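Working notes, structure below.
The values are calculated or read from the model by the stated rules, or taken from the named source; none is laboratory data. Owing to the predicted nature of the structure, the values given are computational and were not obtained by experimental measurement. Every residue, glycine among them, receives a Cβ derived from its backbone with ideal geometry; neighbour counts consider all protein chains shown.
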Amino acid sequence: MRFELTRFPLVKSLLKNRWLQLLVWFVMLAGFLFAILSGFFGTPVGNRNFGIVFVWIAWWAVLILVAVPFFGRVWCAVCPIPLPGEWLQRGAILEPPAKKPHWFNLRWPNRLRNIWLQNLTFSLVALFSSVILTTPKVTAIVLAAMIFLAVGMSMVFERRTFCRYICPVSGFIGLYAQAAPLELRVKDKQVCLTCKDKPCYSGSPAGYGCPWDVFPGGLAKNTYCGLCMECLRTCPYDNIAINTRPFSADLIKPSTRMDEAFKAFIMLGAAIIYAGVFLGPWGTLKLAAYSVGTLYWFGYTAAFLAFILGLLPVLFLGAVWIGKGLTKATTALKKSFTAFATALVPLGLMFWIAFSLSFVLTNAAYILSSLSDPFGWGWNLFGTASIAWQPFLTTLLLPLQTLVLVGGLLWTGRTAQKTGEEIKISPVPVIVFSTVATFAMLGLLL
Amino acid sequence: MSRKQWIIGFLVLLAGAVIVFAPLPVHAALHTQRTIRVEASQFAYSPAVLDVNPGDTVTIELVSTDVVHGLYLDGYGVSVTADPGQTARLTFAADRSGSYLFRCNVTCGALHPFMIGKIQVGRNTWLWRAIALTVLAALVILIQHPTVPKAQAG
């Protein structure tokens, strides 16, 4: 069921072409820097500021509605955040230079080689999201901080350590990329076993060693491959392929990692809370989330963390335990827990899509006006500055959200069944858990 | 796909179509003229959830207690703007059943895009249909693949 896209010479040469990639990078980097500038120097009114509108409405819509579900980590391939640091680290923008600059080039500590830090950074961003999403200066500070941190880490550590272990966005893109119908894989693992120098990992004059610290020969899921195409350039045996495949192909093999399991809970829980806070009619809740540093905000923070890190995992653990009891299975509870958490990937993705549909369709009108007047200084570059706000397709919203959520439940249910078959545990309680979570989301959105 | 699976698939689609499109009994209620006072302040409406009957003629008296606020009603496409301290009126016939969001349509501060309220015209039938669809989906998963595997050996 896989189809190799790189079998077409045109596709392969486009993907290998550094100039094309550089062009896309420059456009992205220019947009990113412009967003930071407009955040610092533009109007403080969020829905009139390019930084807020283009990052949190336009970029977010493209990311969560199109890029992640259909192309996995494709955003990471064009993301501008690691570029300045990577160029400094490499001492080059295009091909590898003859002489590499001498930075510290340290290995990331073994103890931190997981996504717990990404879970932490995402949770932090989520806790402050009411402010970040609505205040241009704060958005600009967060974006600038990310780029500076990425530069700093590139000077100290090897490869793209920031993307792989710190970036709050990279963590959930990696999680949901497992569901996408696109992958980078080797064509024949045997070729990799006999390859002596492994230039895909260590680099060669043709290209850099994997910036994501991944050996493509051992790649079994999309989570940690950033689709940067370096291995496509360096493989001397033409053994790297970009394939289309069925949705959720990676989820057949359940995860064994607790950090990945918790990423699934954090994302699922955050989608439910966001639906309540941002799209619900409860003003007190919105103010509590917005009033950072107040007693109300601490209450909100405590409830948020208790929900995503306590209640959801505990209820899920109970469901897995009941499933074990139903089948009298001997599989360890921890292994069963992490394995079944894989089934929450489609549910979480669809929760985010359902939430984002509402958020994006009602606020998309701001894109046109901020395009003409990005700083809110009264410009009218394209004649669209005074376009009145109007929500789009609100009559289709509820059926669309229902379809997405019910589809997500079907998808998760089937994934849970496959996991159950794999570890010989009844998936029924996990399916009941997912159904109840879907009820909650329906209640909040409809 | 086997013949049995085709039949099950057809029945599920049929059940789904019935859930989505079947007409529900309408509770006859007197159509009345309703006037509801709604206070708007950063970034909430009070009351935030309004209940009216289908067919009612509804007048919303919007009163802003701080800055200029608006009220745009999804699904009906009508709106009104209120200056601080002044009452603005919006009258419409609630002739479409269901749950509709209303939101501020005048930039009023940081959380403006999330200043949202809800009006329920009769019962929120779409929510119940969606819940029924969810139950159907859960049943389909369990019936299509009734997996309670046997205990793992060893």
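Quick notes on this one:
- A:THR395 in contact with a Pro (Cβ under 8 Å, 6 or more places away or on another chain), at the interface with chain B (Cβ under 10 Å from one of its Cβ atoms) and not aromatic (Phe, Trp, Tyr): no
- Elements of type helices (runs of 4 or more DSSP H) contained in the range A:1-87, each with 2 or more residues being at pLDDT 95 or above, within 22 Å of A:ARG164 (Cα to Cα) and in contact with a Gly (Cβ under 9 Å, 6 or more places away or on another chain): A:74-78
- Across the range B:43-79, the qualifying residues are those that are acidic (Asp, Glu) and not in a strand (DSSP E or B), and the one among them that is nearest to the other protein chains (Cβ to nearest Cβ) is B:ASP74.
- Only one of A:LEU268, A:LEU311, A:LEU305, A:LEU315 that is assigned to a helix (DSSP H, G or I), in contact with a Phe, Trp or Tyr (Cβ under 7 Å, 6 or more places away or on another chain) and surrounded by fewer than 20 Cβ atoms within 10 Å (Cβ to Cβ): A:LEU315
- Test: residue in the range B:101-116 that is buried (at least 18 other Cβ atoms within 10 Å of the Cβ) and more than 12 Å from chain A (Cβ to nearest Cβ): no
- Failed item in (1) surrounded by fewer than 20 Cβ atoms within 10 Å (Cβ to Cβ); (2) within 9 Å of another protein chain (Cβ to nearest Cβ), with A:GLN417 passing the rest: (1)
- Among the residues of the range A:6-29, those identified as basic (Lys, Arg) and farther than 11 Å from A:LEU94 by Cα are A:ARG7, A:LYS12, A:LYS16.
- Meets criteria (β-branched (Val, Ile, Thr) and either closer than 30 Å to B:LEU127 by Cα or within 26 Å of the chain's Cα centre (by Cα) (or both)) for A:THR415: yes
- Close pairs from the range A:322-334: first at the interface with chain B (Cβ under 7 Å from one of its Cβ atoms), partner assigned to a helix (DSSP H, G or I) and charged (D, E, K, R), Cβ under 8 Å, at least 6 apart: A:THR331/A:LYS324
- Residues in the range A:398-411 that are touching a residue at least 40 places away in the same chain (Cβ under 8 Å), within 10 Å of chain B (Cβ to nearest Cβ) and surrounded by fewer than 21 Cβ atoms within 10 Å (Cβ to Cβ): A:GLY407 alone.
- Test: residue in the range A:93-110 that is in contact with a strand residue (DSSP E or B) (Cβ under 8 Å, 6 or more places away or on another chain) and over 26 Å from A:SER202 (Cα atoms): no
- Test result for B:GLY55, touching a helix residue (DSSP H, G or I) at 6+ places or on another chain (Cβ under 7 Å), without any contact (Cβ under 8 Å) to a residue 60 or more places away in the chain, surrounded by 14 or more Cβ atoms within 10 Å (Cβ to Cβ) and under 25 Å from A:LEU446 (Cα atoms): no
- A:SER291 meets the conditions (1) crowded, with 21+ Cβ neighbours inside 10 Å; (2) without any contact (Cβ under 8 Å) to a residue 60 or more places away in the chain in every case but one. The failed one is (1).
- Some residue of the range A:127-134 being among the small types (Gly, Ala, Ser), more than 14 Å from every other protein chain (Cβ to nearest Cβ) and over 30 Å from A:LYS221 (Cα atoms): no
- Answer residue from the range A:97-120, given it is surrounded by fewer than 20 Cβ atoms within 10 Å (Cβ to Cβ) and assigned to a helix (DSSP H, G or I) and is nearest to the other protein chains (Cβ to nearest Cβ) among those: A:LEU120
- Of everything in the range A:353-375 that is modelled with pLDDT of 95 or more and over 17 Å from A:TRP60 (Cβ atoms), the residue that is surrounded by the most Cβ atoms within 10 Å (Cβ to Cβ) is A:PRO374.
- Qualifying residue in the range A:381-391 (condition: of a type in the set (Val, Ile, Thr), over 19 Å from the mean Cα position of the chain (by Cα) and part of a helix (DSSP H, G or I)): no
- Unmet requirement for A:LEU326, which otherwise passes all of (1) over 24 Å from A:PHE439 (Cα atoms); (2) of a type outside the set (S, T, N, Q); (3) modelled with pLDDT of 95 or more: (3)
- Which numbered condition A:LEU347 fails, given (1) out of contact with any strand residue (DSSP E or B) (no Cβ under 8 Å at 6 or more places or on another chain); (2) crowded, with 16+ Cβ neighbours inside 10 Å; (3) within 9 Å of another protein chain (Cβ to nearest Cβ): (3)
- Filtering the range A:32-89 to residues that are within 14 Å of chain B (Cβ to nearest Cβ) and of a type in the set (D, E, K, R) leaves only A:ARG48.
- Pick from the range A:139-168, criterion of a type in the set (Val, Ile, Thr) and in contact (Cβ under 8 Å) with a residue 60 or more places away in the chain, ranking: nearest to A:TRP56 (Cα to Cα): A:THR139
- Residue ID - farthest from B:ALA130 (Cα to Cα), chosen from residues in the range A:424-444 that are more than 8 Å from chain B (Cβ to nearest Cβ) and surrounded by fewer than 24 Cβ atoms within 10 Å (Cβ to Cβ): A:PRO429
- Of the residues B:LEU14, B:LEU73, B:LEU30, the single one that is closer than 23 Å to B:ARG123 by Cβ and free of Cβ contacts under 8 Å to residues at least 24 places away in the same chain is B:LEU30.
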